[in-house]
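Chemist: Dropping the structure in here first, questions after.
The values are calculated or read from the model by the stated rules, or taken from the named source; none is laboratory data. What you see is a predicted model, and the numbers here were worked out from it, not measured in a lab. Cβ sites come from the backbone with ideal geometry, for glycine too, and all protein chains shown count toward neighbours. The area values use the complete protein model at the heavy-atom level, side chains included, leaving out ligands, DNA and RNA. Shrake-Rupley method; radii C 1.70, N 1.55, O 1.52, S 1.80 Å.
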Amino acid sequence: MHAYFTEEGSVEAVNARMGQNVSPRLATVMASLVKHLHAFAKEVELTQAEWDYGIDFLTRTGQICSGERQEFILLSDTLGLSMLVDAINNRRPTGATENTVFGPFHVEDAPIREHGATISLDGKGESCLFEGRVTDLDGQPIEGATVDVWSDNADGFYDVQQPGIQPKWNNRGRFVTGPDGRYSFVGIKPVSYPIPDDGPVGQMLGHLGRHPYRPAHMHYLVTAPGFQKIVTHTFVGEDPYLESDTVFGVKQTLVAPFEHISGATEWRSPFDFVMVPDATEDHRLADSIEHAAS
Ligand code: BEZ
Ligand code: FE
């Protein structure tokens, strides 16, 4: 058989060009990508005009990206790919806290605050006490866990979306657990908001009859030595967008109680984080035991 390109033999024509010394994982991923891309074009009988539009869409997606704007992540999120990759890479035992999308609005090195401190610095919104424990799968408290939290303000914007309007570090902070594994802070009861929809991804959602909203949520990044990091949110139960989150981030176990309380703080949202030992730590331990024995 000759190596010229044909419609029927398109996948083999491309994948046969793979060199001898390609990394095995790269070869697997790229051969499969070519196989599925070609199958997609064949299944829908992709027209030239449609593919020209596709190239233009991807070009515009790249062009709007900047230090502050990552349109490709929004594309991955709104197509459900971010959640799928996250699910594949974070299969956890029952009882462990589930992951969800990281999103583009985390900022590293947020201020470390005292337990019970207020993260909402702009005085807007309904104040809410967030509190709970960080434990292992047996319910034992994890000391020294860092609970990094961030949320939008009452107007539905993160501080980084409104520099000069919101105070720096508004609705952000890090809390380190003591021997009892407890964390607590006062934020606001989060509100739902649209993801940035003034670019190609927003246009795509419009063409598909989809809204750009995320249900109200508080973001968490929980880390502790020897445990898998948890990238997650807690969601407000009665939110109208709970079942149509534009990035598919909602999981039943992440819908948290929000109880109305009396006093200066209007709401209380208790939530415990359950961490899984880090497999790489296990390997390191196993390696060191093996080393010590030999
Ligand atoms: C967020 O929740 O911050 C978010 C997640 C995905 C895309 C846009 C925003
Ligand atoms: Fe968010």
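Chemist: Work out from phi, with θ = phi - 60° and the Karplus expression 6.51 cos²θ - 1.76 cosθ + 1.60, the ³J(HN,Hα) of each residue of the stretch 109-119, listed in order in whole Hz, and give x for Gly and Pro.
Modeler: My calculation for the stretch 109-119 gives 6, 4, x, 7, 10, 6, 4, x, 5, 8, 9 Hz in order.
Chemist: Sticking with this structure for a sec: Gap in Å between the Cα centre of the stretch 210-266 and the Cα centre of the stretch 143-188?
Modeler: Computed from Cα coordinates, the inter-centre distance equals 14 Å.
Chemist: Out of 28, 11, 41, whose Cα points farthest toward the positive end of the dipole of the stretch 1-46 (charges: +1 Lys, Arg; -1 Asp, Glu; placed on Cβ)?
Modeler: 28
Chemist: Tell me, what is the per residue accessible area of the stretch 81-280 in Å², probe radius 1.4 Å?
Modeler: Accessible surface, normalised per residue, equals 45 Å².
Chemist: Further question: Roughly what % of DSSP beta bridges within the chain run antiparallel, to the nearest 5?
Modeler: 70 percent
Chemist: Collect residues whose amide H, placed 1.01 Å from N in the peptide plane, falls under 5 Å from the amide H of residue 233; neighbours closer than 5 in sequence don't count.
Modeler: 100, 220
Chemist: Tell me the accessible surface of residue 130 in square angstrom (1.4 angstrom probe, heavy atoms of protein chains only), to the nearest ten.
Modeler: 0 Å²
Chemist: Going from most exposed to least, what order do 221, 79 have by accessible area with a 1.4 Å probe?
Modeler: Descending accessible area places them as 79, 221.
Chemist: Calculate what fraction, in whole %, of the accessible area of the stretch 81-280 sits on carbon and sulfur atoms when a 1.4 Å probe is rolled over the protein chains.
Modeler: 54 percent
Chemist: Can you give me the long-range amide H partners of residue 271? Hydrogens built in the peptide plane at 1.01 Å from N, cutoff under 5 Å, separation of 5 or more residues or another chain.
Modeler: The list, which skips near neighbours in sequence, is 131, 132, 133.
Chemist: If eta is 1.002 mPa s and T is 20 °C, what Stokes-Einstein diffusion coefficient results for the chain, Kirkwood Rh from Cα pairs, in µm²/s?
Modeler: 97 µm²/s
Chemist: Let me ask you something else. In the stretch 1-46, what percent of the accessible surface is made up of carbon and sulfur (1.4 Å probe, ligands and nucleic acids excluded)?
Modeler: Working: 2440 of 4000 Å².
C and S atoms contribute 61 percent here.
Chemist: Just to confirm the number: angle between the C-alpha axis of helix 48-63 and the first principal axis of the chain, 0 to 90 degrees, nearest 10?
Modeler: Tilt of helix 48-63: around 40 degrees.
Chemist: Right, next: Please determine, in degrees from 0 to 90 and to the nearest 10, the orientation of helix 279-293 with respect to the longest principal axis defined by the Cα atoms of the chain, where the helix direction is its Cα long axis.
Modeler: Taking the Cα atoms of the chain, the angle to 279-293 is about 90 degrees.
Chemist: Moving to a separate point now. Could you do me a favour and compute the accessible area per residue for the stretch 1-46, 1.4 Å probe, result in Å²?
Modeler: Numbers: 4000 Å² over 46 residues.
Accessible area per residue: 87 Å².
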